[in-house]
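**Student:** Sharing a structure here in structure tokens format.
The values are calculated or read from the model by the stated rules, or taken from the named source; none is laboratory data. In this text, all values refer to a predicted model and were calculated from it rather than measured experimentally. Each accessible area value is taken on the protein alone, full model and side chains, heavy atoms only, with ligands, DNA and RNA left out. Shrake-Rupley method; radii C 1.70, N 1.55, O 1.52, S 1.80 Å.
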Amino acid sequence: MFFRKAATTLVTLFGLAFLIPALVGAPSSAAAPVAVRTIYYDASQAQEFRAAVDEGAEAWNKAVPTIVLKPATGSQATVRVYADDGWPRAIPAGFGRGTVYMGRQAVNDGFYPPRIAAHELGHILGLPDNRNGRCDYLMSGHSSPTSCKSTTPHATEAEQVRRNAGGGVLAVDTRQAAYADCFVF
Ligand SMILES: [Zn+2]
């Protein structure tokens with residue numbers, strides 16, 4: 001039976017031969033995996049917004065497998081999150097670096113704190129504002145309604161962050177940018 005099927009088997013193997021390099025290649029690509037960028041953020045001074053910041057960070061972790069935002073304190077942290085009475089804002093200093101202010105003014109206007117946190121962290125991850133009014137975009141900021149409680153990045157936002165994390169040229173150079181009025185009408 002085996003030999004009668006040999007020809008067929010050979011054809012099958014020939015076909016598989018194209019796949020084998022990919023399969024063989026898998027362990028070597030595992031040896032050189034796509035780097036996961038770990039970004040430590042310090043929300044210890046974010047006061048009542050600590051949990052909101054964690055939630056915003058987790059939303060990015062879920063959406064972009066090649067980044068991990070992790071809470072940390074001290075010098076390890078490249079992102080510092082504060083709370084104050086102004087507008088929420090971000091001062092990026094390069095990918096995964098910068099300062100976020102969880103301003104209470106937008107919260108008082110009814111915006112959802114975890115979404116604000118996810119938006120401001122989006123700036124730290126290299127995204128600009130995109131005031132298209134859509135709840136399914138995090139970077140729509142204040143242009144989306146206060147009823148919007150989504151913390152999930154749009155697929156295009158997640159893809160841009162994935163590319164930014166890959167060390168390529170940032171679509172938006174965040175080094176000089178500050179996003180001071182994301183939630184100001
Ligand atoms: Zn913004």
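**Student:** List the residues, sorted by chain then number, that are 5 or more residues from Ile67 or on another chain and whose placed amide H is less than 5 Å from its amide H.
**Tutor:** Residues meeting the criterion, in which the H sits 1.01 Å from N, are Arg37.
**Student:** On full extension of the chain, what length is gained from Lys62 through Ser75, given 0.36 nm per residue of separation minus the C-alpha to C-alpha distance?
**Tutor:** Gain in length upon complete extension: 2.1 nm.
**Student:** In addition: Contour minus end-to-end for Ala51 and Arg134, with contour as 0.36 nm per residue of separation and end-to-end as the Cα-Cα distance?
**Tutor:** 27.5 nm is the gain from fully extending Ala51 to Arg134.
**Student:** Using a 1.4 angstrom probe with every protein chain in place, what is the largest-first accessible-area order of Val68, Val100?
**Tutor:** Final ranking, largest accessible area leading: Val68, Val100.
**Student:** Using a 1.4 angstrom probe on the protein heavy atoms only, could you order Ser144, Ser75 from most to least accessible area?
**Tutor:** So the residues, ranked largest to smallest area, are Ser75, Ser144.
**Student:** Sort Cys135, Cys148 by heavy-atom solvent-accessible area, probe 1.4 angstrom, most to least.
**Tutor:** Highest to lowest solvent-accessible surface, that is Cys135, Cys148.
**Student:** Right, here's the next one. Considering the convex hull of the alpha carbon atoms of segment 37-165, report its projected area averaged over all viewing directions, in nm², one decimal. Kindly include the intermediate steps, with their values, before the conclusion.
**Tutor:** On the way: hull surface 26.0 nm².
It is 6.5 nm².
**Student:** Relative to the present Cα-Cα distance, how much length would full extension add between Val36 and Asp109 at 0.36 nm per residue of separation?
**Tutor:** Between Val36 and Asp109, full extension yields 22.6 nm more.
**Student:** While we're looking at this one, here's another question. At 1.4 Å probe size, with the rest of the protein present, what percent of the exposed accessible area of segment 37-165 is carbon and sulfur atoms?
**Tutor:** Here it works out to 48 percent.
**Student:** So, one more: Between the alpha-carbon centers of segment 30-70 and segment 119-148, tell me the distance in whole angstrom.
**Tutor:** Between the Cα centre of segment 30-70 and that of segment 119-148, the gap is 18 Å.
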